[in-house]
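The values are calculated or read from the model by the stated rules, or taken from the named source; none is laboratory data. Bear in mind the structure is a predicted one, so any value in this text is a computation, not a measurement. In this analysis, Cβ positions are derived from the backbone assuming ideal geometry, glycine residues included, and neighbour counts consider all displayed protein chains. Accessible surface areas use protein heavy atoms only, side chains included; no ligands, DNA or RNA. Shrake-Rupley method; radii C 1.70, N 1.55, O 1.52, S 1.80 Å.
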Amino acid sequence: NIPANLSGEYGYVGQVVGVGDTVFFTTNKGRIYRSTDRGTNWTVVQSPITDFGSELSNGEIAFKDSNVGYIVNNEPLFYVTTNGGTTWDIVFADSGSHFRDDVCVIPGTNTVMTTGASSSLSGSSYTNNNGQTYTMVDTEQHTDVQFFDASTGWAGGFSTSSTVGGMFKWSGPAFLGISDNLLEKGFTAYPNPVINILQMQANETIDSV
């Protein structure tokens with residue numbers, strides 16, 4: 001039960017993303033197929049880019065859950081969706097702050113990592129506010145990136161010898177989880193038990209998710 005492909009359309013095996021029961025994959029027509037039941041049924045949406053893997057137009061996707069997702073492309077632009085890919089917004093387009101070769105969501109957090117491995121734009125950076133601002137990590141050449149949890153991640157890199165490049169393992173601090181972020185900001189909720197109205201308060205602004 002899957003929508004028909006367009007004429008000449010094919011999917012990219014290197015761009016399959018799974019989050020819980022939801023699976024996404026991209027195509028050479030810039031479309032994203034989505035299943036919320038592990039592949040039994042599918043829908044398809046048009047992304048804001050024309051192709052996820054050609055020389056002229058390419059991009060990478062990552063999803064935090066079945067609705068919130070991200071695209072980085074070769075322009076490079078950073079896109080965010082909150083409805084499973086039906087619509088996308090450009091959040092930030094500064095080529096000096098985020099990278100275009102890969103993007104991943106660090107599990108259990110609001111953090112999104114981007115990496116780059118081109119001759120003109122190499123490095124890694126992360127954002128905790130859906131792409132509005134970024135923290136630079138390094139300027140190494142990183143191809144793909146993926147995190148297992150909030151403190152364990154790996155990135156691929158170009159290898160020209162047995163001691164330079166190759167695989168990189170995250171050695172920075174653990175990223176705050178969503179619940180840790182709320183506790184750090186002095187988040188409280190009352191009364192307990194709640195009857196009609198739940199009051200929520202924090203000592204400082206909590207980033208939207």
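Among the residues of the range 124-136 satisfying the criterion of being open to solvent by less than 50 Å² (accessible area, probe 1.4 Å) and of a type in the set (S, T, N, Q), which is farthest from Glu60 (Cα to Cα)?
Pass one, the range 124-136, residues open to solvent by less than 50 Å² (accessible area, probe 1.4 Å): 124-127, 129-131, 134.
Checking the rest, the ones that are also of a type in the set (S, T, N, Q) come to 124-125, 127, 129-130.
Values: Ser124: 15, Ser125: 15, Thr127: 16, Asn129: 19, Asn130: 16 Å.
Looking at residues that are open to solvent by less than 50 Å² (accessible area, probe 1.4 Å) and of a type in the set (S, T, N, Q), I get Asn129.
Taking Val112 as the residue in question, decide whether it is out of contact with any Asp or Glu (no Cβ under 7 Å at 6 or more places or on another chain) and buried (at least 21 other Cβ atoms within 10 Å of the Cβ). It is true that Val112 is out of contact with any Asp or Glu (no Cβ under 7 Å at 6 or more places or on another chain) and buried (at least 21 other Cβ atoms within 10 Å of the Cβ).
In summary, Asp149 fulfils each of the numbered conditions (1) closer than 18 Å to Gly20 by Cβ; (2) in contact with a strand residue (DSSP E or B) (Cβ under 8 Å, 6 or more places away or on another chain) with the single exception of condition (2). Against the numbered list (1) open to solvent by 50 Å² or more (accessible area, probe 1.4 Å); (2) in contact with a Lys or Arg (Cβ under 9 Å, 6 or more places away or on another chain), Ala155 comes up short only at (1). Ala174 meets each of the listed conditions (1) farther than 27 Å from Gly18 by Cβ; (2) in contact (Cβ under 8 Å) with a residue 12 or more places away in the chain; (3) among the small types (Gly, Ala, Ser) apart from (1).
Residues that are outside any loop (DSSP other than H, G, I, E, B) and β-branched (Val, Ile, Thr) within the range 144-173 comprise just one, Val145.
Being at pLDDT below 90, surrounded by 13 or more Cβ atoms within 10 Å (Cβ to Cβ) and more than 18 Å from Glu75 (Cβ to Cβ) narrows it down to one of Leu121, Leu198, Leu176, so name that one.
Values: Leu121 fails: more than 18 Å from Glu75 (Cβ to Cβ); Leu198 fails: surrounded by 13 or more Cβ atoms within 10 Å (Cβ to Cβ).
Step by step, each of Leu121, Leu198, Leu176 is checked, and only Leu176 is at pLDDT below 90, surrounded by 13 or more Cβ atoms within 10 Å (Cβ to Cβ) and more than 18 Å from Glu75 (Cβ to Cβ).
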